[in-house]
Amino acid sequence: MASEAVGGSICRASTPCRAVHASAVPRTAHQFGRSDAGARRLDGMPGKRSAGLLVHRVTDTGVAVLLGHMGGPFWAGREDAAWSIPKGEYGPGEPAEAAARREFQEELGLPPPEGPWTPLGESRQRGGKIVTIWAVEGDLDPALAVPGTFTMEWPRGSGVLREFPEIDRVAWFALPEAAPRLVAGQRVFLDRLAALLAEQIADDERPFPTPPGE
């Protein structure tokens, strides 16, 4: 399991310091590409769409996220830009939230953690696919993951079909350690998560208004 020390911290008076990503700058819900009703659904829009769930946990040492190392021969032996948020494609007839839940279970073989989902918005990838991600707080044991599999011809041109895991490793990473490992098009979601957590801590620290007359 990776270290969870992170750069930068925000402290509460009543709890230990909680570290957040040093580069995080608070953003508004509009900048995240979401509305009060949640992340925008992409039903009816052209092009490929993908949805996923970014599980995170907050401890006395900081914030960590759960990522999966992509399986198959292309990613074997690679670390940087070879990990992904559990996610997958969905069609126009399926809500993005349902697809995120389904793909998490298919890729990890585990149900998503219980708890409220917070939209982290969407991001267009280099190839044009639009990815929508939610965040949920939880604590899963990577050793319990039973990844799904896919079949492909390998070596190419051999006519031999082989089966590979969709995700061959699952691990927790502190935010600064997760960033270089995550595929480039998904790194924006780490910044959005860090900003969201910073905003939540700031909200908790705001004093309650004093009732009139007191």
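The values are calculated or read from the model by the stated rules, or taken from the named source; none is laboratory data. Bear in mind that the values here come from a model prediction, so they are computed numbers and not experimental data. FYI the Cβ positions are ideal-geometry reconstructions off the backbone, even for glycines, and counts take in every protein chain you see. We work out accessible area using only protein heavy atoms, side chains counted, and drop any ligands, DNA or RNA first. Shrake-Rupley method; radii C 1.70, N 1.55, O 1.52, S 1.80 Å.
So how many residues does region 67-88 have that are more than 15 Å from VAL183 (Cβ to Cβ) and at pLDDT 95 or above?
Matching residues across region 67-88 total 0.
With region 138-203 as the region, which strands (runs of 3 or more DSSP E) entirely inside it contain at least 3 residues that are surrounded by fewer than 18 Cβ atoms within 10 Å (Cβ to Cβ)?
Ranges flagged: 149-153, 161-165.
Can you name every residue in region 136-157 that is over 15 Å from HIS69 (Cβ atoms), among the small types (Gly, Ala, Ser) and at pLDDT below 95?
Across region 136-157, the qualifying residue is only GLY157.
What number of residues within region 89-111 satisfy the criterion of being within 13 Å of the chain's Cα centre (by Cα) and open to solvent by 10 Å² or more (accessible area, probe 1.4 Å)?
Looking only at that region, the number is 2.
From the residues in region 112-130 that are in contact with a Phe, Trp or Tyr (Cβ under 6 Å, 6 or more places away or on another chain) and not in a loop (DSSP other than H, G, I, E, B), which one is farthest from VAL146 (Cα to Cα)?
Step by step, filter region 112-130, then rank; the result is GLY121.
Please state which of the following conditions ARG34 fails to meet, knowing it meets all the rest: (1) surrounded by 15 or more Cβ atoms within 10 Å (Cβ to Cβ); (2) closer than 21 Å to ASP139 by Cα; (3) modelled with pLDDT under 90.
With respect to (1) surrounded by 15 or more Cβ atoms within 10 Å (Cβ to Cβ); (2) closer than 21 Å to ASP139 by Cα; (3) modelled with pLDDT under 90, ARG34 is out only on (2).
Using beta carbons and a limit of 9 Å, which pairs, at least six apart or on different chains, have the first residue in region 163-181 and closer than 12 Å to VAL146 by Cα and the second one surrounded by fewer than 20 Cβ atoms within 10 Å (Cβ to Cβ) and among the hydroxyl-bearing types (Ser, Thr, Tyr)?
Every condition considered, the pairs that remain are PRO165/THR149; GLU166/THR149.
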